[in-house]
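Engineer: Quick one: the structure is below, and I'll ask about it shortly.
The values are calculated or read from the model by the stated rules, or taken from the named source; none is laboratory data. Because the structure is a prediction, the values reported are computed rather than measured. Note: ideal-geometry Cβ built from the backbone for every residue, glycine included; neighbour counts use all protein chains shown.
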Amino acid sequence: MQYELSYWERESFFKDIDVAVIGSGIVGLAAAIYLKKLDPSLQVAILERGTCPLARAPEMQASPASAP
Ligand SMILES: Cc1cc2nc3c(=O)[nH]c(=O)nc-3n(C[C@H](O)[C@H](O)[C@H](O)COP(=O)(O)OP(=O)(O)OC[C@H]3O[C@@H](n4cnc5c(N)ncnc54)[C@H](O)[C@@H]3O)c2cc1C
């Protein structure tokens, strides 16, 4: 599915990013924090495909249909 970004999304979320971290699991968040500590001026964006940090990949989570 292709998603068209709005003007505001492009201008506020995705402008002047130095580093894009894919995934907001513990590894992604730790990497983002570490990068900011190394260089506080870096603009770091964390891109998460889920609606919130999931702690583990959605494909590894049990679906309601498979629950006992
Ligand atoms: C059933 C289960 C139980 C567990 N229980 C424990 C426990 O009790 N204690 C413990 O310490 N550990 C536990 N673990 C292990 C722990 O969850 C993982 O080790 C840890 O979450 C791995 O972190 P990660 O950042 O590498 O990956 P993840 O936590 O999986 O984070 C990766 C993130 O990246 C996102 N992502 C993936 N692809 C994309 C993409 N293309 N674009 C954008 N975002 C993307 C995912 O949605 C996800 O949020 C458990 C794991 C499982 C499967």
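Engineer: Take segment 1-51 and flag every residue that is of a type in the set (Gly, Ala, Ser) and within 15 Å of the chain's Cα centre (by Cα).
Structural biologist: Ala20, Gly23, Ser24, Gly25, Gly28, Ala30, Ala31, Ala32, Ala45, Gly50
Engineer: Mind listing whichever residues of segment 14-44 are more than 14 Å from the ligand (Cβ to nearest atom), surrounded by 10 or more Cβ atoms within 10 Å (Cβ to Cβ) and assigned to a helix (DSSP H, G or I)?
Structural biologist: Hits for segment 14-44 are Leu35, Lys36.
Engineer: Scanning for something surrounded by 10 or more Cβ atoms within 10 Å (Cβ to Cβ), at pLDDT 95 or above and part of a helix (DSSP H, G or I), does segment 47-63 turn up at least one residue?
Structural biologist: no
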